[in-house]
Every structure is written in C-alpha cells, then in structure tokens.
Amino acid sequence: MRTTPSTLLADTESVCPVCLRRLPAQRIAEGDDVYLVKRCPEHGAFRTIVWRGLDSYRRWGTRGSRAATPPVTETAIDRGCPHDCGLCPEHRQHSCCVLLEVTQRCNLRCPVCFASAGAEDSDPTLAEIEESLRRLQRHGSPVNIQLSGGEPTLRDDLPAIVAHTRSMGFDFVQLNTNGLRLAKESDYAQRLVDSGLDCVFLQFDGVSDGVYQSIRGARLLTIKKTAILRCADAGLGVVLVPTLVPGVNVGEIGAIVEFAVARAPVIRAVHFQPVSYFGRYPAAPADGDRITLPEVMAELEAQSGGTVRAADFNPGSAENAFCSFTGKFFVGADGRLQAAAPAADCCGPASGCGCGLPAAGDHAQRARRVVAGQWAAETPAVVDGHLPGIDVASFDAFLASRRHSFSISAMAFQDAWNLDLERLRECFIHVVAPDHRIIPFCAYNLTSVSGESLYRRAACTAT
C-alpha cells in the first residue's frame, strides 16, 4: 500500500484531546492537505485536518503575523498556554470583540452547542456584569461587546444590560441570539434598539427546516424569518451566523448568501462558522466531519456561479491569518452582489490620511472599528437635492443611496483536536470569565473528550 509522503511545514504546540496537557505539535502537508499532528505520552498520537488546499495555505501565510502585546496582562505564566489565560504575558493580540455571557439558560437544546447551554445555573447579577465591564475598561483599549449565553433574551432585564453597557462607554453592543424572542414579541427588537443595541448576531444555519431539525433539534426557518422582519421594523442591523456542518448544510452556503443579499441592507453580513467540536457534540470528529476555510471559499464561488470568487477574500486583519477570511461587497440597486475594490492599507503611522482609523500597528482596533461600521444598521444617505456644480460629497452620497455595503466572512474556531497554540496566542475574540478574567474564545470553550473544561464554571458533557 502506497502512502503519501509528508512535508514538515512548521513546529508548533497543541494539547491532548483526552487530558488537555500541553504537547509539541507539527503542521505537515500530505498531498494537497495540511494536518496538525501530535503525540501524548499517555494517550497516543492524534492527526487532524486543518486546511485543504496547500497552495492557498502557503498564499494565506504570506500575510504574516499581526501580533501585538496586550496593554494589560493580569495572570502570571505558570503551566504555560493555554492554562494561564487571564490574559497572560504570552498572549500576542489585543481584545477586539469580547463576549459577555449573561446566562447559561437556553430555550433550545441543540445537538451541537459550543457553550453546552441549557444548564439551570444562576445568572450573573447586574453588579457582577458591571464588574466584568469595569475589568475590560482597565485593559485600556476600547472593545466591541457581544452579549451572549446560553440565550441572552431569556433575561427580562436584557434591555437594561444593553443600556448600562452603553452608559459605561462601550460604543458597539451586539446580541448573540437564536431569535426566538425577537420573533415572538413584536416590540422586543424596538426595545433593544431604544436601549442602545447596535446589531443582532443571529444564529441562521440554512434556508430549509431539515437543516434546523438536524443542527438545532427543531424546525425554525419561519421563526428566523420573522425575527429578521422584527429587526427590519426596528432599524436593527442583522448578521446571519451559520454553523457549517458537513453533510447537513454545506450545500446551502450559496442559498444562505442569496437569502441575505435579498434582504440587504437589514442583513448586513453573513459570518460562517465551520463546526468546532467543543462543548456539546454527538461524537468525536473524523476528518470528514470538518470543513476548512478554503473549502468554504470554494463553495461560495461554486454555489454563487462565480458571482462571489475565492479571490475576493483575504485573511482577517488582526487575528492569526489561518483563523478567518473576510470579503467586502456591495449590493446594487438591481440586487446583484459585486466585490468591492481591495482597500489600501492607508493608515500607516506617517500617512496622515485622516480616515479616523487607528494606526496600522494597532490591527485589533482597526478590526473593531471596521466590524462596528459594517455590522450596525446603515445610516440612510442624505443627498443634496441641488448640485451647484460637481459636488463630490453629494455624488458619493447619491451612490451610497443606490447600493449597500455587505460582507461575507468566516471564523474557524479551534477545539482540542486541532488547537494550534500559535493561533491561540494571536486570538482577539475574548470571553469574560465568571471570575472576570479575560480568556481567548477557543481556550474558554475548550473541552476534552470527556467534557473537562479549563475555564467554564461547569464541565460540559459530550453526548
């Protein structure tokens, strides 16, 4: 039997999926595929696909690192990454988006759930939430806040939490939700807008009920559509967030984008998340249970008939290059999607461009500003009715009134099988733990095969 020769691409570190101990690891190429391989002295060898497409892997890596030292670190290095998060001095990126979990309760019981939500746990008090926000303020740089859970809308005081977060100076607040309450209560979206909410991060896995039955355990498509209509009535921007599960909804990638584009500018973006195996999931994953970022880009191109091209996407601006992709588009007056011209990196320290974004070295803050501008509801353009000549500003406003910005992106979260500590150290999506420590998202949600968690208050159980 012939075997495909392997090529070492890089040395890194990971953890054992069984005991979560820190291990040496390697990224290797076999044919056109990239794998993470590691060996635990107690539990043996592990080999997991991380990227399908060696040419794109090498091209993606040319972006280089955007590492930056966090302004504040609060935990000492003892056992080493990922066991000392808080943030510790080994971390190499500022916070951009920070999740604040306001409940562990949920009104769904999804077969797949990174938070393993549904526990009848007590919600943090308003005082505890305020302390978490004050801890974030002490970290110096402004961040985007995502209120998460569980299902945050189970808290009747959620509008008050939004209002209080805004009153403390956080200028972008987003809600991560399954949309059930938004659909059920006709005035709920408006109450959230009145409290200062900027955006809804809406769980949206497909355009057929079979997808929801498989991933969420219920037929939810009509509810999702109603929730979007409620947000439209309230002037609340929506980002659709599909969890991509091979064999379930990968074939609906193009249909999801088409659905979203038809509802622009209410829907501002689609943000794909290839399924990761932490929290609650049916069984330990095989390579066939994973879809990698280049495959998502290829599906976008194929299922859109070439309207969206893989070449329209680039690595994210601040996180490790292999964590994500993003592409900016416009929806024209005819409803067609068109890629935006690539943006020049105009914000160098000596450029004096006056665009209002931070300098190029502070990539996390640039990403924070871009996300807030793209994902919040559009401000209607005001066009001067009489042009005493060629008024460029008015002409730009006129063009803006005829087309809407739209983004397509994806984030590949890591689990115990594919965790690469080089990527984790450059994570800019963080979670406020119950003890108010700031933890990188993939470390906070990391679970072993038996459900052991490093940072979640209650260990999750894989069923």
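Odds and ends about this structure:
- Projected-area mean, the range 1-152, by convex hull of Cα positions, square nanometres: 13.1
- Multiplying the residue separation of Glu185 and Ala262 by 0.36 nm and removing their Cα-Cα distance gives an extension gain of 25.3 nm.
- Taking Lys and Arg as +1 and Asp and Glu as -1, the other residues whose beta-carbon sits under 13 Å from that of Leu192 total -2.
- Using the average count of surrounding beta-carbon atoms within 10 Å as a protection proxy, the listed peptides 170-177, 251-258 rank, highest first, as 170-177, 251-258.
- Length-normalised contact order for the chain - Cα pairs under 8 Å, 6+ apart - percent: 19
- Between the range 251-321 and the range 170-228, the alpha-carbon center distance in angstrom: 19
- GluC sites (Glu not before Pro) restricted to DSSP loop in the range 1-109 with at most 10 other C-beta within 10 Å: Glu42
- DSSP assigns beta bridges within the chain; of those with both partners inside it, close to 60 percent run antiparallel.
- The charge dipole of the chain, taken about its Cα centre with unit charges on the Cβ atoms of Lys, Arg (+1), Asp and Glu (-1) only, comes to about 380 debye.
- Computed packing ranks the peptides 238-250, 151-163, 305-317, 197-209 as 197-209, 238-250, 151-163, 305-317, most packed first, by mean other Cβ atoms within 10 Å.
- Contour excess over end-to-end distance, with Cα ends at Gln213 and Ala339 and 0.36 nm allotted per residue: 42.0 nm
- Only lysine pairs 8 or more places apart, or on different chains, with alpha-carbon atoms under 28 angstrom apart are counted in the chain, and they number 4.
- Dipole of the chain, positive direction: furthest Cα of Gly247, Val34, Gln93, with charges on the beta-carbon: Val34
- Projecting the Cα positions of Ala286, Ile145, Phe428 onto the charge dipole of the chain (unit charges on Cβ atoms of Lys, Arg, Asp and Glu, taken about the Cα centre) puts Ala286 furthest along the positive direction.
- Using the average count of surrounding beta-carbon atoms within 10 Å as a protection proxy, the listed peptides 223-230, 272-279 rank, highest first, as 272-279, 223-230.
Laboratory data are not the source of any read-out in this text; all were calculated from the coordinates shown. All of these numbers come straight from a predicted model, not from anything done at the bench. Cβ coordinates were reconstructed from backbone atoms using ideal geometry, including for glycine residues, and neighbour counts include every protein chain displayed.
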